[in-house]
């Protein structure tokens, strides 16, 4: 089962590799990982998407929590939550394709953030489904993609 | 007044009341060694290999309950120490390792003797850190000692670049209790869970208590013994927990698991309530978790580390907290005569039947020294009061089975990682922590060769360790598995070209004794242990074919024990 873990930790060098290292050392899979400082610059929030049954997730959560720098680990998939990803897609856009690509971007409420004579770079944000749908829609024109991992937040205020 | 980083390190260690540092000098730590030279409070012990240093610090910590400290240089110094660090990590031993690092400006440039110490030790330390500023040295050392010794203990590595040890700053050591905002190990157990546990214990018909290394590390042996005596139930200590409950007491059934006793494993499997204290349901203890879980029993698990709970076996009542505190609350909650005497009598009747198998019986052969006999004699001669370190293999299991440990911290062995080469350097640390005490290193000819150079350390510091080498001219445990599971194909388990251990010991300036006849075993031990001032290497030429019984094969259930052929 897919799970989104939100980890609040000290913003210190090495802290990220400690969490990532824990996953690989215990052979847990990381599907995606994002990390950045929070409103408190001494703290970082990391969102890890992983998979496992309840027992595995319980172990992962406990092991991550055991790391000295980690304050709090929560499985936000347990309740209502918001998930967002950002994706940049470079698409071929020549002749008629230019207009079509622009329309497609509008439909997905995406924006064109880079233009060259033969390509557009389109920025799309949303949950994974939406991003995948966009990729499917412009499949024939894709030159290159870059995706951030999932960034998530619980709808319930529990952190503070 | 400003002081150098090197002096700050030494003064910080003095603040932590460090008595011994086990280490080996090298380029990156020369300023620190220079400071060591200038003071008298901390004694440095020079081992002959950094693995020896980390095992010695470990042995010191296990036997004394204090924090073991080790100092190594960058690169190969650190990588050599890693086996000892990993050993300590697996068994939750409080240790602080200070490693030198190449100068800050050279880090990341593949400098001479550079290794990514923090990266390499990430998965085998409780915490590790590269110090970046000279001002951070003192607070980091304070933090290291705090983390190493609190909660579930473990090794902490502090990596210090060489240039910092020469730089100067004002020295001040953080005073008072240390607070780390993201690190708050729980101490007292949850009240609700404690009362649930008491209720379960009260209602038990076939109660069994199982303890591990956590009871010893948490200095909870007295409280634990009180708990078990109160319940009048059978008890077992894992390999790491030996000595937590007196082995000669009637309630003690022997060790559980792969080479545990028949009665213990049957009781573990047939009890209706199992109380686990400071033990982590290791695969060597419970065998196949599926088999273990199928049995209808309720499990109460007390452990300071929440991640140990329900890791391998689902637990019904988890209690996270320091074992001494939790045991105190449990003891308070349990009044006399519980569970019901009638049920307990029936349970003990069943256990006595299992005990009657006498599963540790072994056949003697005329003219052949049996390894079990050596350990039994060792127990007799030392009155069961010696500190016994061991290496890993058959000799380790025989020592665990036949030396009846009645006190905690007497049995020093690498339980979790199973590190060959551990015994002799660990004995160095034990003997320094307990000068005058009898220290026996039970080993085998294959294990002792892995860190044999520490005989030289023993000579330098006049450590009268007694080495009990159970020499069967085979990597015994490997041979045993090859017999059981690989059709007697003794692939590389035979040790050809063994040294003459008596002469080897003599060449290091010690004495050596070879014992080849069963009737000489006890007198030889008696004579050797009377020589209190010298190291004696006792080379026991033992039965080459003897195996460790009983045995639960890896992946089998505890009820599927194999007993010795004649049982």
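Structure values in brief
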| item | result |
| --- | --- |
| Yes/no for residue A:89 being surrounded by 19 or more Cβ atoms within 10 Å (Cβ to Cβ) and either within 14 Å of chain B (Cβ to nearest Cβ) or in contact with a strand residue (DSSP E or B) (Cβ under 9 Å, 6 or more places away or on another chain) (or both) | yes |
| Subset of the range B:243-252 that is under 11 Å from residue B:210 (Cα atoms) and touching a residue at least 24 places away in the same chain (Cβ under 8 Å) - its residue that is surrounded by the fewest Cβ atoms within 10 Å (Cβ to Cβ) | B:245 |
| Hey, residue B:188 within 28 Å of residue B:324 (Cβ to Cβ), away from chain A (no Cβ under 11 Å) and either part of a helix (DSSP H, G or I) or in contact with a helix residue (DSSP H, G or I) (Cβ under 8 Å, 6 or more places away or on another chain) (or both) or not | yes |
| Some residue of the range A:111-125 being more than 19 Å from residue A:38 (Cβ to Cβ), in contact with a strand residue (DSSP E or B) (Cβ under 8 Å, 6 or more places away or on another chain) and not in a strand (DSSP E or B) | yes |
| Qualifying positions in the range B:435-472 - under 11 Å from residue B:395 (Cβ atoms) and assigned to a helix (DSSP H, G or I) | B:445, B:446, B:447, B:448 |
| Enumeration of residues in the range A:58-86 that are away from chain B (no Cβ under 14 Å) and in contact with a strand residue (DSSP E or B) (Cβ under 8 Å, 6 or more places away or on another chain) | A:74, A:75, A:76, A:77, A:79, A:80, A:81, A:82, A:83, A:84, A:85, A:86 |
| Test: residue in the range A:92-101 that is surrounded by 17 or more Cβ atoms within 10 Å (Cβ to Cβ) and part of a strand (DSSP E or B) | no |
| Selection count where residues are crowded, with 20+ Cβ neighbours inside 10 Å and modelled with pLDDT under 90, scope the range B:308-341 | 1 |
| Matching entry among A:55, A:42 (being within 14 Å of another protein chain (Cβ to nearest Cβ), exposed (fewer than 13 other Cβ atoms within 10 Å of the Cβ) and farther than 25 Å from residue B:152 by Cβ) | A:42 |
| Of the criteria (1) more than 9 Å from every other protein chain (Cβ to nearest Cβ); (2) at pLDDT below 95; (3) surrounded by 17 or more Cβ atoms within 10 Å (Cβ to Cβ), which one residue A:6 fails | (2) |
| Only listed residue being within 16 Å of the chain's Cα centre (by Cα) and closer than 24 Å to residue B:512 by Cα, chosen from B:457, B:419, B:443, B:382 | B:443 |
| Hey, residue B:165 away from chain A (no Cβ under 13 Å), modelled with pLDDT of 95 or more, within 17 Å of residue B:71 (Cβ to Cβ) and surrounded by 17 or more Cβ atoms within 10 Å (Cβ to Cβ) or not | yes |
| Given (1) more than 14 Å from residue B:374 (Cα to Cα); (2) in a loop (DSSP other than H, G, I, E, B); (3) touching a helix residue (DSSP H, G or I) at 6+ places or on another chain (Cβ under 7 Å); (4) touching a residue at least 24 places away in the same chain (Cβ under 8 Å), index of the condition residue B:546 fails | (1) |
| The range B:210-225, residues that are touching a strand residue (DSSP E or B) at 6+ places or on another chain (Cβ under 6 Å) and surrounded by fewer than 24 Cβ atoms within 10 Å (Cβ to Cβ) | none |
| Residue B:114 being more than 14 Å from chain A (Cβ to nearest Cβ), assigned to a loop (DSSP other than H, G, I, E, B), surrounded by fewer than 23 Cβ atoms within 10 Å (Cβ to Cβ) and in contact with a strand residue (DSSP E or B) (Cβ under 8 Å, 6 or more places away or on another chain) | yes |
| Residue in the range B:172-182 that is in contact (Cβ under 8 Å) with a residue 60 or more places away in the chain, buried (at least 16 other Cβ atoms within 10 Å of the Cβ), touching a helix residue (DSSP H, G or I) at 6+ places or on another chain (Cβ under 9 Å) and away from chain A (no Cβ under 13 Å) present | no |
| Residues that are within 11 Å of chain B (Cβ to nearest Cβ), closer than 24 Å to residue B:314 by Cβ and surrounded by fewer than 16 Cβ atoms within 10 Å (Cβ to Cβ), drawn from the range A:9-39 | A:25, A:26 |
| Unique residue being more than 14 Å from chain A (Cβ to nearest Cβ), in a loop (DSSP other than H, G, I, E, B), touching a strand residue (DSSP E or B) at 6+ places or on another chain (Cβ under 9 Å) and buried (at least 18 other Cβ atoms within 10 Å of the Cβ) when the list is B:141, B:93, B:85, B:98 | B:93 |
| Of all residues in the range B:117-138 being farther than 19 Å from residue B:69 by Cβ and in contact (Cβ under 8 Å) with a residue 24 or more places away in the chain, the one that is farthest from the other protein chains (Cβ to nearest Cβ) | B:134 |
| Any hit, the range B:55-63, residues being within 14 Å of chain A (Cβ to nearest Cβ), in contact with a strand residue (DSSP E or B) (Cβ under 6 Å, 6 or more places away or on another chain) and either under 16 Å from residue B:412 (Cβ atoms) or in a strand (DSSP E or B) (or both) | no |
| Helices (runs of 4 or more DSSP H) contained entirely in the range B:272-339, each with at least 1 residues that are without any contact (Cβ under 8 Å) to a residue 40 or more places away in the chain and within 14 Å of chain A (Cβ to nearest Cβ) | B:289-294 |
| Test result for residue B:522, surrounded by fewer than 23 Cβ atoms within 10 Å (Cβ to Cβ), more than 22 Å from the chain's Cα centre (by Cα) and outside any loop (DSSP other than H, G, I, E, B) | yes |
| Unique residue being more than 14 Å from chain B (Cβ to nearest Cβ) and either in contact (Cβ under 8 Å) with a residue 40 or more places away in the chain or part of a loop (DSSP other than H, G, I, E, B) (or both) when the list is A:104, A:131 | A:131 |
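Here's the yes/no breakdown for (1) buried (at least 22 other Cβ atoms within 10 Å of the Cβ); (2) under 15 Å from residue B:145 (Cα atoms); (3) at pLDDT below 95:
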residue	(1), (2), (3)
B:12	yes, yes, no
B:16	no, yes, no
B:54	yes, no, no
B:106	no, no, no
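The values are calculated or read from the model by the stated rules, or taken from the named source; none is laboratory data. Computed from a predicted model, the values in this text were never measured in an experiment. As a convention, Cβ positions derive from the backbone with ideal geometry for all residues, glycine included, and neighbour counts pool all protein chains shown.
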